[in-house]
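Here is the structure we will look at, set down as structure tokens.
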Amino acid sequence: MNKTILITGANRGIGLALTKKCLSKNFYVEACCRNPDTSNELISLSNNNPHLNITKMDVTCAKSILSASENFKNEIDIMVCNAGINNGKGDLFSDEHNENAIMEVMMVNVGGPFLTIQNLYKNLNKKSTSKIVIISSLMGTQTHLSKNAPIYRASKAAANNLMRTISNHFLNHNIIVSSYHPGWVRTDMGGVNADISTEESATGLVNHFLNLEQSDSGKFFNYDGKPLPL
């Protein structure tokens, strides 16, 4: 039976690439984003593929998530919490690091995965091993020596910490919870000079999602499956 994967932030960047890759592997894809009506490439994909179901969902709003869950066609085998934002790459004193930006980044990058998992746990396939994946970033590792993007880094460090905590919660529930660095990817966030394409990132990620084992729960990986330090 074909697996069902749910992807948040599926309308652009890595989320869109993951959607395309999973469709090519005959997954059923529950593609979630805030504004599906303006997501032209996603809509075009759905016109040609009955395995793609697009749903409006705001990961920062529990009511929106629960409403979205009523539109899902299948139980979820793999949940990918991909939606994320970056308010800027400046330092401690940059104007872009103001209170509104801080609250938005933390709410999307940390609150988003938390609320998504909390409210869509009921939609997971409990008959076999389910997998929950948080797309994080190497910028969140505690071993870095950089001074830029302090809020984005803090949000991704928190996302990894959240992953560890939730993995402990589901330790005896046959649910694997891991996080991933997608690589430095050529997206709107990563920029044109980044190392890899969205397709390269998505290919590595999906291949590793499929091979996740219970012993991988609570761990942070590179897109190619290499373990990374938290």
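Here are the numbers for this structure:
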{"read-out": "Peptides 221-230, 175-184, 123-132 ordered by average Cβ neighbours within 10 Å, highest first", "value": "175-184, 123-132, 221-230"}
{"read-out": "DSSP-assigned coil residues among chymotrypsin sites (Phe, Trp or Tyr not before Pro) in segment 1-95, each with at most 12 further Cβ atoms within 10 Å", "value": "F93"}
{"read-out": "Principal semi-axes in Å for the chain [√(5λ), Cα gyration tensor, largest first]", "value": "25, 20, 18"}
{"read-out": "Mean shadow area of segment 66-148, taken as a quarter of the surface of its Cα convex hull (nm²)", "value": "7.0"}
{"read-out": "Packing-based ranking, highest mean first, of 37-43, 48-54 given that Cβ atoms within 10 Å are counted", "value": "48-54, 37-43"}
{"read-out": "Bridge type composition, the chain - antiparallel percent by DSSP, nearest 5", "value": "5"}
{"read-out": "If the convex hull is drawn through the Cα atoms of segment 17-66, its volume per residue in Å³", "value": "77"}
{"read-out": "Close Lys-Lys pairs in segment 115-230, where close means Cα under 26 Å and separation is 8 or more or interchain", "value": "13"}
{"read-out": "Relative packing of peptides 213-219, 107-113 - highest average C-beta neighbours within 10 Å first", "value": "107-113, 213-219"}
{"read-out": "Residues E99, E104 arranged by fewest to most Cβ contacts within 10 Å", "value": "E99, E104"}
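We did not get these values from a lab; they are worked out from the coordinates using the rules stated. What you see is a predicted model; the values in this text were computed from it and never measured. All Cβ positions, even for glycine, are placed from backbone atoms using ideal geometry, and neighbour counts span all protein chains on display.
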